Structure formats: structure tokens, C-alpha cells
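Below: one structure, written as C-alpha cells.
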């Protein structure tokens, strides 16, 4: 019996994940998208992975530029999560009005995040309709946020201590 896309999505929705915004800069343009498929890979060298839909323009920008940053969102940054997921009606420039300094690679960094990781592409693996992009972390910094923004069961959530 084949797994239907809806059954697959419903099962995966039961896994709570942190919310990140992955950003890059290529050919004079800034690119970004909300990503929950983010993981640490290796401590030495410091590697992380993201999964990005191959049909997206930001995928092409990351592959062409060879750089990206992962911005770990704090609970008070729901607006960034919505903005970079394309869920703000009428917003064509996702970076409009957002101060975006850079670190080493030139990828834009979002203000007020829990942390950011500035990465160079280490390797890209095919993963069905997505690519698994592994990045070497070349700079990182923890911010001032107090709690992570969480995505679970198709809802934005916050954590609570047990």
C-alpha cells in the first residue's frame, strides 16, 4: 500500500520543529524562505543541513552563490516566519524594511534571532523533490531571544518548561 502525500504530511506534522529563515545573496538580490527542515550534522567540521524544494528560486540562488545563513527564530518573531513563508498578503519584497547585516559570506542576517549560522555550501544531495544542502558553519552568534518559535501540527507555537 502506497503512502499518500496527505497521510505523509499529517504524520510529519506531529513532529515539532524549530522555525528558521534561510537567507542568501546572489547576483545583487536577497533571497529567503522559512525552513523547518534544519539539523546539525557534524561538530568537526561544524556542519548543518537544510532541505529546500528544488523548484524554488531561492534553491537556485543558494546553489549558484554557494552560501546561506540560517536564522533561528524566537517566539516573538512569528512575523518573520510568516513573511518568509510567503504568508503575508501583498508583500512582494520579503526583506522590505528589515535591517540585514552580514557576517563572513554576505548572506543576510535577521535582527533579534535566537542565533544565526553563516554557512558555505559543503555538499548538495538529491532528495526527491528537495535538495539536502549541507553547509559548513563559518560564523555564528547567539542573540537575545528568550524562547524558540515552534511549528507543530500545522500551527505556530511556543515552548513551555515542564
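Failed condition for residue 110, given (1) in contact (Cβ under 8 Å) with a residue 12 or more places away in the chain; (2) assigned to a loop (DSSP other than H, G, I, E, B); (3) out of contact with any helix residue (DSSP H, G or I) (no Cβ under 8 Å at 6 or more places or on another chain), with all others met? Of everything listed in (1) in contact (Cβ under 8 Å) with a residue 12 or more places away in the chain; (2) assigned to a loop (DSSP other than H, G, I, E, B); (3) out of contact with any helix residue (DSSP H, G or I) (no Cβ under 8 Å at 6 or more places or on another chain), residue 110 misses just condition (3). Scanning the range 152-162 for residues that are in contact with a strand residue (DSSP E or B) (Cβ under 7 Å, 6 or more places away or on another chain) and either over 26 Å from residue 101 (Cβ atoms) or part of a loop (DSSP other than H, G, I, E, B) (or both) yields 157, 158, 159. Can you work out which of the residues in the range 136-162 that are touching a helix residue (DSSP H, G or I) at 6+ places or on another chain (Cβ under 9 Å) and surrounded by 17 or more Cβ atoms within 10 Å (Cβ to Cβ) is farthest from residue 39 (Cα to Cα)? Top of the filtered list is 145. The number of residues in the range 116-147 that are within 23 Å of residue 52 (Cβ to Cβ) and either modelled with pLDDT under 95 or assigned to a loop (DSSP other than H, G, I, E, B) (or both) comes to 2. Filtered by the rule that a residue be surrounded by fewer than 20 Cβ atoms within 10 Å (Cβ to Cβ) and either in a helix (DSSP H, G or I) or touching a helix residue (DSSP H, G or I) at 6+ places or on another chain (Cβ under 9 Å) (or both), the range 82-91 gives 82, 87, 88, 91.
There is at least one residue in the range 49-56 that is touching a helix residue (DSSP H, G or I) at 6+ places or on another chain (Cβ under 8 Å), under 20 Å from residue 130 (Cβ atoms) and surrounded by fewer than 22 Cβ atoms within 10 Å (Cβ to Cβ).
The values are calculated or read from the model by the stated rules, or taken from the named source; none is laboratory data. Treat the numbers as computed from the prediction; the structure is a model and nothing was measured. Counting neighbours? That spans all protein chains shown, and the Cβs are built from the backbone with ideal geometry, glycine included.
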